[in-house]
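Below: one structure, written as structure tokens.
Every number in this text was worked out from the coordinates using simple rules, so none of it is lab data. Fair warning: this is a prediction, and the values are worked out from it, not measured in the lab. With ideal geometry, Cβ positions are generated from the backbone for all residues, glycine too; neighbour counts draw on all protein chains shown.
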Amino acid sequence: MNTRILVDADACPVKDEIYRVAFRHDATVAVVSNMAMRVPVDTRVERVVVGPEFDAADDWIAERAGPRTIAVTSDILLADRCLKAGATVIAPTGKPFTAGSIGAAIATRAIMADLRAGGDVVGGPAPFSNVDRSCFLQALDGALVRLGRA
């Protein structure tokens, strides 16, 4: 069974990179979003448009995550669900989510949400950079190599 990459696509800045690396490793890609978007015309790429319901894309991805899948998302709660299903999870910046790091990420997310709810001005994430793109390419390639050996 080939490796499958599940992409939380609505705000994903590395879709083109995903296709390029996936094709090199003969992996399939499911691009999941709430609205139609362009994807390469290739049998290895599936465009999945879910309904407008809150977390519909997350639910679709989490239900299909497993040991032979790589989930690409910056959503910490979705990353947690995918990890629990046995998937490899990578943020678009190349940062891997792991069983050892997800608890701290969830706690930080909760603290930041509390600060925002209390009216504190909290900066958002740094702008996406070429370094992030390079780190992502290395992380995705490494994950596909590891899963290919398994």
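Each part reduced to its alpha carbon centroid, the range 73-146 and the range 1-42 end up 18 Å apart.
A simple charge model with +1 on the Cβ of Lys and Arg, -1 on the Cβ of Asp and Glu and nothing else charged puts the dipole of the chain at about 560 debye relative to its Cα centre. For the range 23-41, the residues whose amide N sits under 20 Å from a probe point set 7 Å from the Cα of A150 along the beta carbon direction are 23-31.
Loop-resident chymotrypsin sites (Phe, Trp or Tyr not before Pro) (DSSP state other than H, G, I, E or B) in the range 9-86 with no more than 10 further Cβ atoms inside 10 Å of their Cβ: F54.
Which of these, D80, D132, D55, has the largest mean-square fluctuation under a Gaussian network model of the chain (Cα springs below 10 Å)? It is D55. Cα extents for the range 72-144 along the principal axes, largest to smallest and rounded to whole angstrom: 42, 31, 15.
Taking the DSSP bridge list for the range 1-105 and keeping only pairs wholly inside it, about 10 percent are antiparallel. Placing a label point 7 Å from the Cα of D26 along the Cα-to-Cβ line, the residues of the range 48-92 whose backbone N sits under 19 Å from it are 68-70. At a temperature of 10 °C and a viscosity of 1.306 mPa s, determine how fast the range 41-91 diffuses translationally according to Stokes-Einstein, using the Kirkwood radius over alpha-carbon pairs as Rh; express D in µm²/s, rounded to the nearest whole number. For the chosen part, D equals 138 µm²/s. Geometric descriptor of the range 1-79, per residue, is 89 Å³ (volume of the convex hull of the Cα atoms).
For the chain, modelled as a GNM whose springs connect Cα atoms under 10 angstrom apart, the maximal fluctuation among L115, L78, L140 occurs at L115. Build a GNM of the chain with springs between Cα atoms under 10 Å apart, and of A57, A104, A126 the one that fluctuates most is A126. For the chain, the convex hull drawn through the C-alpha positions has a volume of 118 cubic angstrom per residue.
The simple Förster model, with R0 at 22 Å and r as the Cβ-Cβ distance, assigns D114 and K84 a FRET efficiency of 0.35.
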